[in-house]
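Just below is one structure, and these are the notes that go with it.
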Amino acid sequence: MDGQEDFTVSRRALLAGAALAGVFGTAFATAPARAEDAGVTTGPVPDLSALPREKIDLVAPPFVHAHDQVAKGGPKVVEFTLTIEEKPLVIDEYGTQVQAMTFNGSVPGPMMVVHQDDYVELTLVNPATNMMPHNIDLHSATGAMGGGGLTLVNPGEQVKLRFRATRAGVFVYHCSPGGPMIPWHVVCGMNGAMMVLPRDGLRDGDGKPLVYDRVYYVGEQDFYVPRDSDGNCVDYESAGDGYADMLAVMKTLTPTHNVFNGAVGALTGDNALRAKVGETVLLLHSVATRDTRLHLTGGHGDHVWATGKFRNRPEVDLETWLIPGGAAGAALYTFRQPGVYGYLNHNLIEAVELGATAHIQVDGEWDDDLMTQVQPPTPIS
């Protein structure tokens, strides 16, 4: 960001900032706009003018934008834009509403895919219609709080960050504005993931190529909805109005909802993920705050990177795999039978009672050699 560059901040944004200062005190971190303002001595700016550029149109989860599994040519500059949207979000069949904070309007934010050693050029936009400052901490980036120290933007501002993707894997990103605002923004939905593929694609433990026919991205989200004296979920006019009540629920470490892709049922029934017998599906899964225990009912993890880092040898034939909070994982499975598969957090209370369940509808022909009903239910002889 040019130190001489001026930003025009709307009167509404100024009033919002003043109001937040009164409500939250000094909780919001003031991040330097430039490295030198933080007392960092910078080296020469790399000349990337000779590198090709690719501008990506992001798509909402569970889908992932088109990408090559194996890199073509050398490193390039990959351009993304994330627009912050503060919006009400209905999270269950009872109409429970939260004042969400999102990247590009979805919970989780979009999956971004690059290859190792590509340069990521990310524009973060905070429209004047929002009420709060935001930034982005990319676990795939190196330095300045994962970029959080260089991307704090007030309503009506945007910022552009560039970093080199030096490590292959799946990585969480989230808002990290400082102090108690960090967990609050994250559990209000402000998180997503980036996949950095090895330049030669995915490999098994013996170095043989692994390819996928489909890829889906599931973000697991815990919500903490305050309730009134009658036990009813409280709906607030804005996120700031519910901050104190929500913080009290957060401190219990007991979510009221634990869901996939923003709401109970977001990936079940008519919203189920789709596949066919014989297809290999890559399941990407992120969880920004809490551990999760993933299980594919009727299937397995053929190759699993539970902590999502592709330089590590994948585990094979898993029934359940643990992804720690603040990480993203990846699992490959080739479907061999048709039907509806449950993809869920195998803390079954969270899966069944709190919403951490998805369905995968697989089409194809049944294989009796793998499973058959030898005798239907009959009276006991």
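The values are calculated or read from the model by the stated rules, or taken from the named source; none is laboratory data. Keep in mind it's a predicted model, so treat the numbers as computed, not measured. Note that each Cβ is placed from the backbone with ideal geometry, even for glycine, and that neighbours are counted across all protein chains shown. The area values use the complete protein model at the heavy-atom level, side chains included, leaving out ligands, DNA and RNA. Shrake-Rupley method; radii C 1.70, N 1.55, O 1.52, S 1.80 Å.
Quick one: in the range 76-113, of everything that is among the small types (Gly, Ala, Ser) and at positive phi, which residue is nearest to the chain's Cα centre (by Cα)?
Our first condition is that a residue be among the small types (Gly, Ala, Ser); within the range 76-113, this holds for 95, 100, 105-106, 109.
Checking the rest, the ones that are also at positive phi come to 95, 105.
Working: Gly95: 23, Gly105: 12 Å.
Ranking the candidates gives Gly105 first.
For the range 222-251, a residue qualifies if it is within 24 Å of the chain's Cα centre (by Cα) and open to solvent by 80 Å² or more (accessible area, probe 1.4 Å), and exactly one does: Lys251.
Identify, please: which residue in the range 172-190 is open to solvent by less than 20 Å² (accessible area, probe 1.4 Å) and touching a Ser or Thr at 6+ places or on another chain (Cβ under 7 Å) and is, among those, farthest from Val45 (Cα to Cα)? Give the derivation first.
Initially, the range 172-190 is screened for residues open to solvent by less than 20 Å² (accessible area, probe 1.4 Å), giving 172-173, 175-178, 181, 184-190.
Narrowing the set further to residues that are touching a Ser or Thr at 6+ places or on another chain (Cβ under 7 Å) leaves 172, 186-187, 189-190.
On the way: Val172: 27, Val186: 32, Val187: 36, Gly189: 34, Met190: 31 Å.
Among those residues, the one meeting the criterion is Val187.
Of all residues assigned to the range 44-55, none qualifies as being closer than 30 Å to Ile360 by Cβ and open to solvent by less than 60 Å² (accessible area, probe 1.4 Å). For the range 89-145, filtered to residues that are among the polar types (S, T, N, Q) and more than 30 Å from Val234 (Cβ to Cβ), the residue that is most open to solvent (accessible area, probe 1.4 Å) is Thr142.
When the range 161-171 is filtered for residues that are among the aliphatic types (A, V, I, L, M), open to solvent by less than 10 Å² (accessible area, probe 1.4 Å) and in a strand (DSSP E or B), only Val170 remains.
List the strands (runs of 3 or more DSSP E) that sit entirely inside the range 230-347 and contain at least 1 residues that are without any contact (Cβ under 8 Å) to a residue 40 or more places away in the chain and within 30 Å of Leu202 (Cα to Cα).
Working: elements: 257-260, 273-276, 280-287, 292-296, 301-305, 315-318, 320-323, 327-334, 339-345.
Output list reads 301-305, 315-318, 320-323.
Restricting to the range 291-328, name every residue that is buried (at least 20 other Cβ atoms within 10 Å of the Cβ) and farther than 26 Å from Arg274 by Cβ. Listed by number, the list holds a single entry, Ala327. With respect to Ala248, determine if the residue is farther than 20 Å from Lys87 by Cα and hydrophobic (A, V, I, L, M, F, W, C). When the stated conditions are applied, Ala248 passes them.
Can you confirm whether Val70 is under 27 Å from Val281 (Cβ atoms) and either open to solvent by 50 Å² or more (accessible area, probe 1.4 Å) or at pLDDT below 95 (or both)?
On the way: under 27 Å from Val281 (Cβ atoms): yes; either open to solvent by 50 Å² or more (accessible area, probe 1.4 Å) or at pLDDT below 95 (or both): yes.
So Val70 passes the test.
Residues being in contact (Cβ under 8 Å) with a residue 60 or more places away in the chain and within 17 Å of Asp57 (Cα to Cα): count how many of those fall in the range 122-151. Number satisfying all stated conditions: 0.
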